[in-house]
Each structure stands twice: as C-alpha cells, then as structure tokens.
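Any read-out appearing in this document is the output of simple, stated calculations on the displayed coordinates, not a laboratory observation. Every value quoted in this text rests on a predicted model; they were computed, and no experiment measured them. Every residue, glycine as well, gets a Cβ built from its backbone with ideal geometry; the counts of neighbours run over all protein chains shown.
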C-alpha cells in the first residue's frame, strides 16, 4: 500500500527516502515541493530525476482535495469551498479576508458525531476522521486557487478536532514547520465542544495556539438540551478544565456562544454566563446563529445581541460579536455539503 507522504514530517520523510536508497538531502527537496510549492503530482517536482519521481510514485500518494463547488460572496469576498476527497467524500472550508491577512476555516472530520442541535455539520453523523494531509490540503488548495499566502487558521469547520486528536496534533506540527508553510501557532485557533480529557492533554502540549470552547449555554440543563456532550462532561467539569488550562499555559481561552432566539439569548443567560466565567482569563465571542431549516433555530435580533453583549461588557468581559461573513453563500459549515447530499 502506498504511504500518505503529505502526512509525514521531515524526519519521517527522511527515514523513508533513505530507506529507499536515496541520499538524505532529497527528503528536504521533496518536502519543500509538498509544503511550499503545494504540488499534487510527483511529476511536478522538476528538479528531481525521472527515475526518482517514478520511485516516489510507486511508493507514495499525495492526498489532495479537488474543488467540487466554489461560492464567492458578493458582500465581503468570503469564499466557500466544497472539496471532494480521494474516496468520494465531501468536506467544506471557508476563506475569509481580514485587514491582517487571509484566514482559512478547515474541517477535521467528514461530518460530526457531537449532535449539537444548531449545527448543520452533525445532521448526518460522522463518516470518518481526516488525515493530517487532508486537513493540510484544504489550506494548500485554497492557497493555489487564489494565489495567496494564508496567515491564519481556524479549526472550526466540520467535525470535532478533539475527536480526531492525534491527526490534528500532527497537522499542527506540519503546518507550523519552518521547513514548510510555517504558519505561526499563535495564528491558529482550535475549537472544541468541550471534550474535557483532551483539554488536559492539550494543556500538556503547551502549544501557543488559541483554544476556543463552544459553550453556548450557562447551565447544565440548557446546555445539555443543545449539546449532548454536556451530559458526559458537565459545565462545572468543563469550566474547571478551562481555568486550569489558562493557568498552565497563560493563554486566554475564547468562549464561543451562539445566540438562538428565545433559547439562550435572555438577560438571565447573560448574567449567568458572567457569573460562570468570573475571574477567568477569557474572551467571549457572540455568534448570531446560522439559520438552517433542519435545526429550527432562529437568529436573535440585533437589539437582543447588543443587549446580551452590553451585560457581559458591564461585568468586565472582553466581548466581540462575530461578523456574519458569507451570509449570502451559506458559509456556515455543513450547509453546502448537506445540499449536495440531499441532491
């Protein structure tokens, strides 16, 4: 069976190449073609001999993702991608342009098994995990397609990153490698719905990324009704882990809070949230929920969002309201894949 070459770090690739009887320096050449030039075929590695390219083709495969569908927002130039993988499965990614550069939101799984009631990604469950190469290829394909350098990554696409923990860690190692695309760890946000043991595991890695925790409710009763994971890892366990994480890493946690009309957007919820997070090194990111027909969730009014934000701000929290990028192209994760599935 051919090996997934894009998932190998430089040392692993060096071991593979020397085992094939090639000099050590060839590994670095190949690595640069893969992770700097973003080639998808060994035939594109023009400074390698034909015999070496054939040897690579006999022993390795480059897992790429192909663009199945591409939607460009008329409002803000956000680009939504539906990618087809080598086995025919589909995932989604989003390219967003900010003043500081380009951000790509990547998927970590095909589908999701977490079952959050407001999310389109989870409606059909999880199919499989993505390999490090398949997470990388989303960034590489988007970079090639737009002739840009991606500077920031958010792991908030389809899937729960902590449900694919080892592959995600390997991806982080590869994408921040100075021999490759070399994106700063401080420019990466990793989102989780709250798998507590993995928060402690990540804490020990002491990575300088931003941990984003999808909270969405301040009480166990309400959160469990929206997020089944809360039944296994209740809020107090989650918040204890988050507090310990901030103390161990000195990194501020970002709490994601999707506002659903008449569900979790009340004044009472705002005050309860402020009490829950009191004294923690954190930031609160309010998200007007994406309205998906199958979920039945409705978006809070701008006035209600402002009121919720004002309450938290008055309690001393740093609060932002996420810009609704790509609203005209269904840029929320899972919606585009679902439209293809329905067809």
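Values computed for the structure shown
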| read-out | value |
| --- | --- |
| Using alpha-carbon coordinates, inclination of helix 302-314 to the longest axis of the chain, degrees | 90 |
| Descending principal axes extents, region 3-61, alpha-carbon based, whole Å | 22, 22, 19 |
| Unit Cα scatterers, Debye sum, the chain: log10 I(q)/I(0) for q = 0.10, 0.14 Å⁻¹ | -0.62, -1.14 |
| Overall form of region 98-236 per C-alpha gyration tensor (a/c, 1.5; a/b vs b/c) | prolate |
| Sorted by Cβ density within 10 Å, fewest first, the residues 7, 184, 108, 46 | 46, 184, 7, 108 |
| Cα long-axis angle, helix 165-175 against the chain (0 to 90 degrees, to the nearest 10) | 60 |
| DSSP bridge orientation in the chain - percent antiparallel, rounded to nearest 5 | 45 |
| Cα-only radius of gyration and Dmax that characterise region 48-178, units Å | 15.7, 54 |
| Over the chain: helical MRE at 222 nm, DSSP H runs n ≥ 4 each giving -39500 (n - 2.57), nearest 500 | -11000 deg cm²/dmol |
| Using alpha carbons only: equivalent-ellipsoid semi-axes of region 156-256, gyration tensor based, whole Å | 25, 14, 11 |
| Burial ordering of 45, 185, fewest other beta-carbon atoms within 10 Å first | 185, 45 |
| Ascending count of other beta-carbon atoms within 10 Å, so fewest first, for 247, 13 | 247, 13 |
| Spatial separation of Cα centroids for region 160-185 and region 187-201, in angstrom | 13 |
| Degrees between helix 25-35 axis and first principal axis of the chain (Cα, 0 to 90, nearest 10) | 40 |
